[in-house]
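Peer 1: Sharing a structure, written as C-alpha cells. Questions coming.
Any read-out appearing in this document is the output of simple, stated calculations on the displayed coordinates, not a laboratory observation. For clarity, every value in this text was computed on a predicted model and none was experimentally measured.
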Amino acid sequence: MSMANDLVVQLDRMVREKGYANRSQAVSELVRDRLVSHNAEKVDQEIAGTITLVYDHHRPLIQALLTDIQHDHGDLIISSMHVHLDHHNCMEVLAVRGKSGQVQAMADQIVSAKGVKHGKLTVTSTGKDFSK
C-alpha cells in the first residue's frame, strides 16, 4: 500500500499517540471502523450499537412517550440504563441490535421525540464480520 508522505507522517503520529504496535495495526482498525460504517448503511445488515439521549424529565409526557416507543421496539432493545444527570436532566442509554434500517428508524423516532434535548445512534459490529 502506498500513500502520500504527509499522510504517513500523520499516521505515524497517530500510531504513537494511540499506542498501536505498528502502522498495520492502526490501518486495520481504521479499515474495520470504515467497514462497520459502510455496512450500517445497508438496511438489512445486522448491527449492534447504542442510542444515547438526554431529556428534561419535567417536560410533560416525555417519559411516557419514550417508554411507549421503547415498548414498541422491544425486539431491537437488548438493555437500557437510566441516569439522573441533575434535578432536571436524565440520560438514557439503550443497547440495541437488529437490522440497520429498523434500528435507524427507531433511533430517529426516539431522537426526534419532542422534549429530547440531544440524542445519537452509535453503531458498531456484532462481531460476526471480523475474525479478530
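Peer 1: How high is the relative contact order of the range 46-124, given as a whole-number percent (alpha carbon pairs under 8 Å, six or more residues apart)?
Peer 2: 50
Peer 1: Let me ask another. Quick check of the Kirkwood formula: for the range 46-124, what is the inverse mean of 1/r over all pairs of different Cα atoms, in Å? Intermediate values should be presented prior to the final figure.
Peer 2: Working: mean 1/r = 0.0805 Å⁻¹.
Its Kirkwood hydrodynamic radius stands at 12.4 Å.
Peer 1: Taking every pair of alpha-carbon atoms in the chain, give the share separated by more than 27 Å as a whole percent.
Peer 2: Beyond 27 Å sits 38 percent of the P(r) for the chain.
Peer 1: Starting from 0.36 nm per residue, how many nanometres of slack lie between His71 and Asp12 once their C-alpha separation is accounted for?
Peer 2: Working: separation 59, 0.36 × 59 = 21.24 nm, distance 4.72 nm.
Going from the current span to full extension adds 16.5 nm.
Peer 1: Please work out how much length the chain gains when fully extended from Ser37 to Ala21, using 0.36 nm per residue of separation minus the C-alpha to C-alpha distance, in nm with one decimal. Walk me through the intermediate numbers first.
Peer 2: Details: separation 16, 0.36 × 16 = 5.76 nm, distance 2.42 nm.
Computed gain between Ser37 and Ala21 is 3.3 nm.
Peer 1: On to the next question. To the nearest whole percent, what portion of all C-alpha pairs in the range 18-87 is separated by more than 17 angstrom?
Peer 2: 64
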